Amino acid sequence: MVWTNRTLRPLWHPLRDFGSFQHEVEQLFQDLQSLPSRVLRPALNVYTREDEVLVRAEVPGYAQEDLDIALEGRTLRLSGKRNAPDGEGNGGTSSFVRNLQLPFRVVAEEITARLSNGILELRLPRAAEDRPKRIAIESAQ
Amino acid sequence: MTQNSQVQTVEARPMNEERPVFAPRYQLRHAEDAILLELDLPGVERDAIELQIDERTLSVRARRAAMPVPEGFRLSLREFEDCDYQRSFKLPAGFDAEQVEASYGHGILALTLRKQSPATRRIEVRQA
């Protein structure tokens, strides 16, 4: 099932996003001028297969050191914070937090991340112990 | 419900026949003697950006490489799509079109448009 999430938060889909609600509400107020309706940012595309999840995020303006990828159980937390000074040279910051519920456990050390031209791509391989195992059926005689 | 219900087939048209063109998000800031314009163009290669100044219109176009579903994967969530970017801006008077600086990094196109320095022009007085 594919959900397109331009303006609406999907009610249910296999990979459910539990945004940090309070933070996102704060962000909404800060970004009021550019958001006509509630849009989750940064935009994510998520792809899955049996043994891996691949996430792409549109994060223009963020450098490697501005981004943080954390894993807690089966929740991936993607966050970023960067300096975005305004016209008068005043300091300002832009930040985001997004939580993504994964369909299986992944190994933190095996997560790879690649950032190019404002697109972050994460590959999250499934944890070995979370892989489906064949169970031999013994015939009882 | 009848016993012999006919199954009708409907031709499904692929949703993304044409690539959508989006106006990129931008931020416009005023500095003392220049306007700073930043456009969000994630996923674009620097040489795929076209920048044009025409009279007082600045236009930006950019082609973005496709990011298809990777081999073997299926799509679970899509919040952004393959697209190209295009946006035009009307510039106020007093800007030096010759002196536009543009740089692209981390998915952001940053433009500096400098105001023309008020030149003192010598005006010749002709004999009437």
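The values are calculated or read from the model by the stated rules, or taken from the named source; none is laboratory data. If you're wondering where the values come from, they're calculated on a predicted model, not measured in any experiment. Methodologically, a virtual Cβ is constructed for each residue, glycine included, from the backbone with ideal geometry; neighbour enumeration extends over all protein chains shown. SASA here: full protein model, heavy atoms, side chains in, ligands and nucleic acids out. Shrake-Rupley method; radii C 1.70, N 1.55, O 1.52, S 1.80 Å.
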Subject >> Conditions (1) open to solvent by 30 Å² or more (accessible area, probe 1.4 Å); (2) facing chain A (nearest Cβ under 10 Å); (3) among the charged types (D, E, K, R); (4) without any contact (Cβ under 8 Å) to a residue 40 or more places away in the chain; number of the one not met by B:Arg64 >> reply: (1)
**OP:** For A:Thr48, state whether it is away from every other protein chain (no Cβ under 12 Å), under 15 Å from the mean Cα position of the chain (by Cα), farther than 25 Å from B:Leu36 by Cα and among the hydroxyl-bearing types (Ser, Thr, Tyr).
**Re:** no
Original post:
Quick one: would you say B:Glu32 is closer than 20 Å to B:Ala110 by Cα and not in a strand (DSSP E or B)?
Top reply: yes
Subject >> In region A:57-69, residue nearest to B:Ala65 (Cα to Cα) [restricted to those that are open to solvent by 20 Å² or more (accessible area, probe 1.4 Å) and under 11 Å from the mean Cα position of the chain (by Cα)] >> reply: A:Glu58
Original post:
When you go through (1) at pLDDT below 90; (2) surrounded by 15 or more Cβ atoms within 10 Å (Cβ to Cβ) one by one for A:Leu76, which number turns out not to apply?
Top reply: (1)
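On the given criteria, is B:Glu50 assigned to a strand (DSSP E or B) and within 20 Å of the chain's Cα centre (by Cα)?
yes
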**OP:** Those residues that are open to solvent by 80 Å² or more (accessible area, probe 1.4 Å) and either modelled with pLDDT of 95 or more or within 9 Å of chain A (Cβ to nearest Cβ) (or both), I need them from region B:33-48; list them, please.
**Re:** B:Glu45, B:Arg46
Subject >> Filter result for A:Val53 (in contact with a Leu (Cβ under 9 Å, 6 or more places away or on another chain) and modelled with pLDDT under 95) >> reply: no
Original post:
From B:Leu75, B:Leu91, B:Leu58, B:Leu51, which residue is within 14 Å of chain A (Cβ to nearest Cβ) and either in contact (Cβ under 8 Å) with a residue 24 or more places away in the chain or surrounded by fewer than 18 Cβ atoms within 10 Å (Cβ to Cβ) (or both)?
Top reply: B:Leu75
Subject >> Failed item in (1) free of Cβ contacts under 8 Å to residues at least 60 places away in the same chain; (2) over 30 Å from A:Gln64 (Cβ atoms); (3) of a type outside the set (A, V, I, L, M, F, W, C), with B:Lys115 passing the rest >> reply: (1)
